[in-house]
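Colleague: Below is a structure I'd like to ask you about.
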Amino acid sequence: MSQTNVLGQSAPLGATVCEDGVNFSIYSRSAKGVDLLLFDHVDAATATRSISLDPTANRTYHYWHTFVPGIKTGQLYGYRVHGPSVPEVGQRFDHEKLLLDPYGRACSVPPGYSRDAAQQPGDNTSTAMKSVVVDPGVYDWEDDAPPQRPASQTIIYEMHVRGFTRNPNSGIDESKRGTYAGLIEKLPYLVDLGITAVELLPVFQFDAFDAPPGKTNYWGYAPISFFSPHAAYASRPEPLGVIDEFRDMVKALHRAGIEVILDVVFNHTAEGNEYGPTLSFRGIDNATYYMLENGGERYANYSGCGNTLNANNNVVRRMILDSLRYWVQEMHVDGFRFDLASILSRDTNGYPLPNPPVLWDIESDPTLAGTKLFAEAWDAAGLYQVGNFVGDAWREWNGRFRDDVRDFFRGAPGSVTKVADRVVGSPQLYAHKRREAEQSINFVTCHDGFTLNDLVSYNDKHNEDNNENNRDGENHNRSWNCGVEGPTDDPVINELRNRQVKNFLAITMFSLGVPMFLMGDEVRRTQHGNNNAYCQDNELSWFDWDDLERYPDVRRFFTHLCERRSQRSMHVENQRVSLVDMLHEAQKAWHGVKLNEPDWGEDSHTVAFGGMLKQQGLIFHLILNAYWEPLQFELPNSNISPWRRWIDTSLDSPDDICPWKQAPRWDQNSYRAADRSVVMLYKHCDGS
């Protein structure tokens with residue numbers, strides 16, 4: 001881009017590298033003045049150069065802009081914005097605070113960064129984050145191309161960049177632990193597992209000090225720059241190093257056939273409520289970026305984090321779209337999971353909209369066509385839209401699947417009819433939309449809540465380490481400790497827990513929809529009963545690589561499940577057959593211990609399901625026995641070919657799951673399913 005007008009231009013927003021300098025543009029409707037400050041060092045107390053933008057010459061509409069010749073990529077900068085400080089009407093300008101550029105492509109964080117200084121009166125220049133000028137075109141992507149894995153073959157692995165390799169027992173060099181580069185080094189592990197997509201917990205630049213005193217915001221749900229990868233996850237110390245290292249990670253994952261999905265937080269920022277710090281948006285144009293209440297004096301809090309981004313404001317809508325486009329076009333990511341996505345359906349006053357502009361903008365944007373879009377279809381204020389989220393392309397985190405599957409395997413009454421619906425794609429939730437089966441993202445555990453090990457080891461949460469007197473975190477976990485709270489030496493209980501873990505893994509992979517698994521569940525990672533480890537940046541949250549030796553059978557079980565799903569036919573999805581039509585045409589039947597006699601009663605704890613997979617030439621019979629005693633289940637006549645037992649979670653490894661083509665014959669007309677077990681048998685339609 002060439003630039004000769006020293007006054008700059010309004011588009012594009014942010015810092016744009018030109019042939020002979022950099023163009024800067026920022027939006028503020030209510031500002032009376034804007035200063036651009038340039039720095040040579042991230043912890044500098046004073047700017048190397050300060051440029052005051054003329055309210056007439058350097059302003060077009062509400063865009064403040066200037067062109068600075070002679071500077072280039074890597075330049076550190078920030079803004080001071082002048083205007084009235086009248087909180088009761090929503091104006092919170094503070095010209096003493098150095099502000100991040102909302103469109104900044106990278107952030108540099110000083111060693112003495114202070115969130116407190118951004119909350120208190122006075123100049124905070126030396127302790128404030130600075131934006132960094134980035135030229136997105138300076139990188140060799142080589143032959144990188146998105147894997148474009150069909151949803152029918154997708155297996156999502158929700159993981160934390162830092163937590164994956166931060167543990168010293170990861171075996172990688174200390175300089176790369178907990179970084180994008182560290183993830184690259186451990187990529188063979190992900191390939192061996194057989195997962196096809198990583199869903200990374202937030203990697204937008206966030207404020208790690210947005211946490212209780214003495215704690216760290218580990219999860220990252222405290223964004224402050226929607227275009228910048230989190231600098232602390234880079235092993236390279238230079239301000240631009242994080243850009244290339246993130247891209248190196250994406251490129252490496254793509255070469256391994258693994259897609260990259262980002263957990264994005266467009267519902268709130270790290271600036272908190274009216275007592276929070278002024279880091280960027282609050283000091284640039286508070287009333288534009290946030291939903292305000294009581295005449296503007298207070299922040300609406302649909303996020304549960306102190307404020308709510310005003311997502312359907314035109315300016316904020318465009319920022320969200322520009323951010324998503326940037327991550328797809330310049331950073332090559334393959335999809336997004338939208339945290340508390342239902343907030344994006346609210347208008348400026350907080351009322352749910354039937355057709356939210358920002359959600360339709362995202363779905364219909366041609367740049368984002370083909371990008372995977374996942375919605376956490378609820379918010380912290382009670383808006384719950386699972387099964388009713390807007391649009392034609394969004395897939396939903398199915399919270400009902402999590403709850404109902406947990407209830408079934410802990411033996412809760414009235415759970416059989418619900419789990420049966422979840423297994424076949426949750427038609428009670430999704431049939432009315434006539435969407436494909438993969439609209440549902442099926443999961444039992446995620447970052448928020450118990451790990452799978454803890455789900456079968458604790459009845460109650462144990463969050464004392466969070467310093468909130470165990471008040472935080474979900475109280476109703478639908479968990480069952482199998483008889484003892486926490487670790488035990490009882491071999492019977494430990495065997496049962498192992499079986500329950502495999503039950504959950506199996507049903508998540510079998511059910512119609514897209515399966516998602518939490519990092520470490522394949523080796524029974526524990527958080528010792530903490531179901532809200534958002535502030536635990538330590539071994540409680542990190543992947544424990546010693547677990548690979550403790551639970552090799554669970555890892556093997558998971559790997560074989562992944563291997564079979566990756567072989568599924570794409571034919572149905574390519575024709576976009578709806579879930580309703582698929583179920584209507586399927587030759588399926590529900591059973592109990594006797595064929596064609598399912599027990600849908602309140603006290604039932606068993607169900608069996610059989611059907612034909614025409615595209616794969618298979619007939620299957622799935623037995624789910626959550627009863628506390630073994631039961632004998634009748635099997636359909638096997639005159640075409642013999643049944644083969646692929647899975648029985650009650651058996652010791654390696655008989656719990658067999659390589660698909662090596663599954664042993666089962667010639668009997670019934671099968672004894674052990675208590676609390678899952679069994680899968682199959683046979684070929686052609687008699688082989």
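Colleague: For the pair Tyr351 and Lys433, what calculated FRET efficiency results from E = 1/(1 + (r/R0)^6), where r is the Cβ-Cβ distance and R0 = 25 Å, to the nearest 0.05?
Modeller: Efficiency at R0 = 25 Å is approximately 0.65.
Colleague: Could you let me know the centre-to-centre spacing of segment 98-134 and segment 375-413, using Cα atoms, in angstrom?
Modeller: What the calculation gives is 38 Å, centre to centre.
Colleague: Here are some pairs, Lys32/Lys97; Lys251/Lys502; Lys215/Lys372; which of them have Cα atoms lying more than 22 Å apart in this structure?
Modeller: Lys251/Lys502; Lys215/Lys372
Colleague: Whole-Å semi-axes of segment 211-266's equivalent ellipsoid, largest first, each the root of 5 times a Cα gyration tensor eigenvalue?
Modeller: Each semi-axis is √(5λ); the values are 23, 15, 11 Å.
Colleague: Could you pull out which residues in segment 119-162 have an amide N less than 15 Å from a spot 7 Å beyond the Cα of Asp581, following the Cα-Cβ vector?
Modeller: It comes to no residues whatsoever.
Colleague: Additional query: In a shell of Cβ-Cβ distance under 12 Å around Arg645, excluding Arg645 itself, what net charge do Lys and Arg (+1) and Asp and Glu (-1) give?
Modeller: Residues close to Arg645 contribute a combined charge of 0.
Colleague: At 222 nm, what helix-only mean residue ellipticity would the chain give, in deg cm²/dmol to the nearest 500, using -39500 (n - 2.57) for each DSSP H run of four or more?
Modeller: -6000 deg cm²/dmol
Colleague: With all protein chains present, how much of the accessible area of segment 443-595 (probe radius 1.4 Å) comes from carbon and sulfur, to the nearest whole percent?
Modeller: 46 percent
Colleague: Could I ask something else about it? For an R0 of 41 angstrom, estimate the FRET efficiency from the Cβ-Cβ distance between Asp460 and Val191 and round to the nearest 0.05.
Modeller: For Asp460 and Val191, the calculated efficiency is 0.65.
Colleague: How much area per residue is accessible in segment 455-591 when the probe is 1.4 Å and only protein heavy atoms are counted (Å²)?
Modeller: That works out to 43 Å² for each residue.
Colleague: What is the gain in length, in nm to one decimal, between Glu174 and Glu539 on full extension, counting 0.36 nm per residue of separation less the C-alpha to C-alpha distance?
Modeller: Gain on extension, Glu174 to Glu539, equals 129.9 nm.
Colleague: I'd like the trypsin sites (Lys or Arg not before Pro) in segment 1-99 restricted to DSSP loop residues with at most 13 other Cβ atoms within 10 Å, sorted by number.
Modeller: When the trypsin sites (Lys or Arg not before Pro) of segment 1-99 are filtered for loop state and at most 13 Cβ neighbours within 10 Å, Arg29, Lys32, Lys72 remain.
Colleague: So which helices of the chain fit the span-like rule, where a helix is a whole DSSP H run, its Cα atoms reach 24 Å or more along the axis, and its mean Kyte-Doolittle is at least -1.0?
Modeller: 491-510
Colleague: Now for a different question. Please enumerate, by chain and number, the aspartates and glutamates with C-alpha under 20 Å from the C-alpha of Lys661, excluding those fewer than 8 residues away in the same chain.
Modeller: Once the sequence-local aspartates and glutamates are set aside, what remains near Lys661 is Asp192, Asp553, Glu563, Asp648, Asp652, Asp686.
Colleague: Now a separate question. Please calculate the 1.4 Å probe accessible area of Phe517, with all protein chains present, and give it to the nearest 10 Å².
Modeller: Counting only protein heavy atoms, the figure is 10 Å².
Colleague: Report the semi-axes of the equivalent ellipsoid for segment 392-490 in whole Å, largest first, where each axis is √(5λ) for an eigenvalue λ of the Cα gyration tensor.
Modeller: 30, 17, 10
Colleague: Less than 12 Å Cβ to Cβ from Leu518, Lys/Arg counted +1 and Asp/Glu -1: what total charge do the surrounding residues give?
Modeller: My count for the surroundings of Leu518 gives -3.
Colleague: If the label point is 7 Å along Cα→Cβ of Gln615, which residues in segment 423-456 have backbone nitrogen under 11 Å from it?
Modeller: Output list for this probe position: 437-438.
Colleague: Can you tally the net charge around Arg318? Count Lys and Arg as +1, Asp and Glu as -1, for every other residue whose Cβ sits under 12 Å from the Cβ of Arg318.
Modeller: Around Arg318, the charge tally is -1.
Colleague: What distance in nm separates the simple spin-label points at Asp361 and Thr417, each placed 7 Å from Cα in the Cβ direction?
Modeller: Result for the modelled spin labels: 4.3 nm.
Colleague: Let me ask something else. Write down the radius of gyration of the chain and its Dmax, each obtained from C-alpha positions, in Å.
Modeller: Here Rg and the maximum Cα pair distance are 26.7, 87 Å.
Colleague: Between the DSSP loop rule and a limit of at most 10 other Cβ atoms within 10 Å, which trypsin sites (Lys or Arg not before Pro) in segment 466-519 are left?
Modeller: In loop regions of segment 466-519 (DSSP not H, G, I, E or B), the sparsely surrounded trypsin sites (Lys or Arg not before Pro) are Arg471.
Colleague: Between the DSSP loop rule and a limit of at most 14 other Cβ atoms within 10 Å, which GluC sites (Glu not before Pro) in segment 131-235 are left?
Modeller: Loop-located and lightly packed - Glu142.
Colleague: Give me the percent of accessible area attributable to carbon and sulfur for segment 1-130, probe 1.4 angstrom.
Modeller: Answer for segment 1-130 is 49 percent, counting heavy atoms of protein chains only.
Colleague: Ignoring any ligand, DNA or RNA, what whole percent of the accessible area of segment 274-404 comes from carbon and sulfur when the probe is 1.4 angstrom?
Modeller: Its accessible area is 43 percent carbon and sulfur atoms.
Colleague: How far apart, in nanometres, would the label points at Ala45 and Ser85 be if each is projected 7 angstrom from Cα along the Cα-to-Cβ direction?
Modeller: 2.1 nm
Colleague: Still on this structure, I have one more. Taking 1 over the mean of 1/r across every pair of different Cα atoms in segment 577-688, what Kirkwood radius in Å do you get?
Modeller: One decimal place: 14.6 Å for the Kirkwood radius.
Colleague: Just from the alpha-carbon atoms, what are the Rg and Dmax of segment 267-375 in angstroms?
Modeller: 14.1, 42
Colleague: Turning to a different aspect of this structure: With r defined as the distance between the Cβ atoms of Glu597 and Arg556 and R0 fixed at 25 Å, what FRET efficiency is calculated, to the nearest 0.05?
Modeller: The pair Glu597/Arg556 has a calculated efficiency of 0.10.
The values are calculated or read from the model by the stated rules, or taken from the named source; none is laboratory data. The shown structure was predicted, so the numbers you read here are calculated from the model rather than taken from an experiment. FYI the Cβ positions are ideal-geometry reconstructions off the backbone, even for glycines, and counts take in every protein chain you see. SASA here: full protein model, heavy atoms, side chains in, ligands and nucleic acids out. Shrake-Rupley method; radii C 1.70, N 1.55, O 1.52, S 1.80 Å.
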